[in-house]
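J.: My structure is below; once you've seen it, I'll send some questions.
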Amino acid sequence: MQKGVAVLGSTGSIGTTALRVIARHKDRFRVVALTAHSNGELLRQQVREFGPEYVGLVNCEEEQADGWRRGAECLVEAATRSGVDIVLNAIVGAAGLDATIAALAAGKRVALANKETLVVGGELVTRAAAEGRGEIVPVDSEHSAILQCIAGRDRSEIRRVILTASGGPFRGWSEERLASATVADALQHPTWTMGRKITIDSATLANKALEVIEAHFLFGLPYDSIEVVVHPQSVVHSLVEFVDGSVVAQMSVPSMELPVLYALTHPERVSDSGVPPFDPVALSPMTFEPVAYENFPALKLGIDAGRRGGAAPAVFNAANEQAVALFLAGSIQFADIASSIGSALNKLGGLASGSMQDLLDADMKARRHVLESFEC
Ligand code: NAD
Ligand code: MG
C-alpha cells in the first residue's frame with residue numbers, strides 16, 4: 001500500500017531532494033501535502049508534478065494559486081491531515097517545531113531533517129512522540145548513520161557514538177584569517193550543497209552542536225557518550241562504539257538521497273536509492289582529525305548549552321538563527337556569530353523551559369538580545 005507523505009519545506013534543498021526520491025518510488029509513496037515559506041513558482045511546478053490534496057504557502061504576501069492555504073497555520077494542518085502517514089519536516093529553523101509536535105501527537109512518523117525542532121523542544125517533542133505514539137526517524141546523515149549502526153541492538157550495548165564533521169570551508173584556517181572570512185567564503189562548503197543557513201552553521205560548526213543535542217534526544221544518550229571527530233571526505237557518516245570495543249560505521253558517497261529514503265522506509269531497505277556504487281579505493285584516503293574547538297567556539301557553546309539543559313539549547317538556537325541571518329545580510333562579521341551566541345547564553349541561558357510558552361519566550365528574547373547587541 002502506498003504511504004501518504006506531507007513534505008514541509010518542499011522548495012528547499014532537502015525538500016527538493018525528498019521529492020526526487022519520492023518520484024523514483026511512486027509505487028510506495030504519494031505526496032498528500034506540500035508546504036513552503038516562499039518561492040510560489042517552484043511550489044506551483046511541484047503541485048503540477050505531484051498533485052497533492054493540500055498546498056500551503058506561509059508567506060502571505062506572495063502571489064499564489066486558488067485553493068492554497070496561506071499563513072503559518074498551514075504547517076500543522078498539513079502535518080496532521082488524515083491521509084498523511086509520514087511528515088517529512090524539511091523546514092529550516094525553530095519554525096518547524098509546532099508541526100513536528102502536532103504530527104507526533106497525531107501518531108505520524110516524522111522524517112526529521114529540521115534538527116532545530118529537537119534542539120529547541122527536545123523534551124516536549126519526545127513526550128509528544130511517547131504520548132501520541134508517533135515516531136521520529138532522522139534524515140540528518142549522521143543520525144541516520146547511527147540509527148543504521150544500532151539497528152537491532154539494545155541501548156545498554158552502546159558505549160559511545162562518534163559524529164563525523166566535514167570541518168566545513170574553514171577547516172585549518174587560523175584565527176586571524178577567520179576574522180576576515182566573508183559570506184561568500186562561508187557559503188563554499190567542501191562536500192555538501194545545502195540551504196544557506198545550514199551552510200553557515202557548518203562553517204561555524206554550530207551545526208555539529210545542534211547535531212550533538214539532536215543525538216542526545218533521538219537516542220537517549222548522555223552527553224558524555226557523544227563525541228565529534230573531523231572527517232573531511234564526508235564518506236563515513238558516523239560511528240558507534242559498542243561496550244565490547246567493536247565499532248560499526250555507516251558509509252556512502254555523500255548524498256542526502258540515501259538518508260531521506262531510509263527515513264521513509266526504515267527499518268526496511270529498498271533498492272534504487274540514487275546513490276552511486278561504493279568504491280572504497282576511489283573514495284580513499286578517508287582521514288580523521290580532532291576538532292579545533294578553539295577556532296570554532298560555537299561548537300562548545302552549543303554542547304555546553306545542551307548539557308545545561310532547560311531553555312539554554314533554545315537560546316543557543318535562536319541566537320544562532322538571528323546571528324546567521326545578520327551575517328548573511330552583511331551586517332555582522334563571521335566571529336560575531338559565536339560571540340553573540342555566547343552573550344545571549346550568559347544573559348538568558350537560565351530562563352524557564354517547562355512549557356511551550358516558556359520556550360517561545362526564550363527564543364524571542366534571545367533573538368532580540370542579538371539584534372540589540374548590534375543595534376539592529
Ligand atoms: P533550505 O533553506 O534550502 O529550505 C528550507 C525550506 O523551509 C524551504 O522550503 C522554505 O520555504 C521553508 N521555510 C523556511 N522558513 C520557513 C518558515 N518560517 N516556515 C515554514 N517554512 C519555512 O534549507 P535546507 O538546507 O533544506 O534545510 C532544511 C532543514 O534540514 C534544516 O533544519 C537543516 O539543518 C536540515 N538539514 C539539511 C541538510 C541539507 O543537506 N540541506 C542536511 C541535513 C539536515
Ligand atoms: Mg548532518
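No value in this document is a laboratory result; all are computed from the given coordinates. Not measured: the values here are computed from a predicted model. No Cβ is skipped: glycine too gets one built from the backbone with ideal geometry, and neighbour counts run over all protein chains shown.
J.: Counting Lys +1, Arg +1, Asp -1, Glu -1, what net charge surrounds Val139 among other residues with beta carbon under 11 Å of its beta carbon?
T.: -3
J.: Of the options Ser255, Ser225, Ala23, report the single residue whose Cα projects farthest towards the positive end of the charge dipole of the chain (beta-carbon charges: Lys, Arg +1; Asp, Glu -1).
T.: Among Ser255, Ser225, Ala23, the one farthest towards the positive end of the dipole of the chain is Ala23.
J.: Considering amide H positions built from the backbone, and no H for Pro or chain starts, which residues 5 or more places from Phe296, or on another chain, come under 5 Å of its amide H?
T.: Those lying under 5 Å, H to H, from Phe296: there are none.
J.: Under the rule of at least 5 residues apart or a separate chain, name every residue whose amide H is placed under 5 Å from the amide H of Val291.
T.: Val230
J.: May I pose another question? Using the crude model of +1 on Lys and Arg Cβ and -1 on Asp and Glu Cβ, and no other charge, please compute the dipole size for the chain relative to its Cα centre, in debye to 20.
T.: For this selection, approximately 560 debye.
J.: Residue-wise, which Karplus ³J(HN,Hα) couplings in Hz belong to the range 252-266, taking 6.51 cos²θ - 1.76 cosθ + 1.60, θ = phi - 60°, and x for glycine or proline?
T.: Running phi through 6.51 cos²θ - 1.76 cosθ + 1.60 with θ = phi - 60° gives 5, 4, x, 6, 7, 5, 5, x, 5, 4, 5, 5, 7, 9, 2 Hz.
J.: Given H placed on each backbone N at 1.01 Å, which residues far from Phe29 in sequence or on other chains put an amide H within less than 5 Å of it?
T.: Under 5 Å from the amide H of Phe29: Lys3.
J.: Can you figure out the FRET efficiency of Leu42 with Gln2, using R₀ = 25 Å and their beta-carbon distance, to the nearest 0.05?
T.: 0.55
J.: Let me ask something additional. Cβ under 13 Å from Ser238's Cβ, Ser238 left aside: what net charge do those residues give with Lys, Arg +1 and Asp, Glu -1?
T.: -4
J.: Taking K and R as +1 and D and E as -1, what net charge do the other residues with C-beta under 12 Å from the C-beta of His25 add up to?
T.: On the way: positive: Lys3, Arg20, Arg24, Lys26, Arg28, Arg30; negative: Asp27, Glu257, Glu268, Asp272.
Local charge sum for His25: +2.
J.: How far apart, in nm, are the 7 Å Cα→Cβ label points at Arg155 and Ala282?
T.: Between Arg155 and Ala282, the simple spin-label model gives 4.1 nm.
J.: Order the peptides 6-14, 95-103 from the highest to the lowest mean number of other Cβ atoms within 10 Å of their residues.
T.: 6-14, 95-103
J.: Could you tell me the relative contact order of the range 219-350? Use alpha-carbon pairs under 8 Å, at least six residues apart, and round to a whole percent.
T.: 21
J.: I've got another one for you. Cross-link partners among aspartates and glutamates for Lys3, C-alpha distance below 19 Å, same-chain residues fewer than 8 apart left out?
T.: Within reach: Asp27, Glu49, Glu53, Glu77, Asp85, Glu135, Glu257, Glu268, Asp272.
J.: Here's something else I'd like to know. What relative contact order, as a whole-number percentage, does the chain give when Cα pairs under 8 Å and 6 or more residues apart are counted?
T.: 14 percent.
J.: In addition: Grab the Cα-Cα distance for Arg70 and Ser271, subtract it from 0.36 nm times how many residues apart they are, and report the gain in nm with one decimal.
T.: Extending this stretch completely gives an extra 68.6 nm.
J.: As a check on your grasp of the helix formula, calculate [θ] at 222 nm for the chain: sum -39500 (n - 2.57) over DSSP H runs of n ≥ 4, divide by the residue count, round to the nearest 500.
T.: Values: 15 runs with 170 residues, N = 376.
Result for the chain: -14000 deg cm²/dmol, rounded to the nearest 500.
J.: What list of ³J(HN,Hα) values in whole Hz, one per residue of the range 367-373 in order, does the Karplus curve 6.51 cos²θ - 1.76 cosθ + 1.60 (θ = phi - 60°) give from phi, with Gly and Pro shown as x?
T.: So the J values, rounded to whole Hz, are 4, 5, 4, 5, 4, 5, 5.
J.: Let me ask something else. Convert each backbone phi in the range 355-363 into a coupling constant with the Karplus relation 6.51 cos²θ - 1.76 cosθ + 1.60 (shift: θ = phi - 60°), then list the ³J(HN,Hα) values in order as whole Hz, x for Gly and Pro.
T.: Each residue of the range 355-363 in turn: 10, 4, 4, 4, 5, 5, 5, 4, 4 Hz.
J.: Evaluate the relative contact order of the range 3-138 (contact order divided by residue number), counting alpha-carbon pairs under 8 angstrom at least 6 apart; express in whole percent.
T.: Reported relative contact order: 22 percent.
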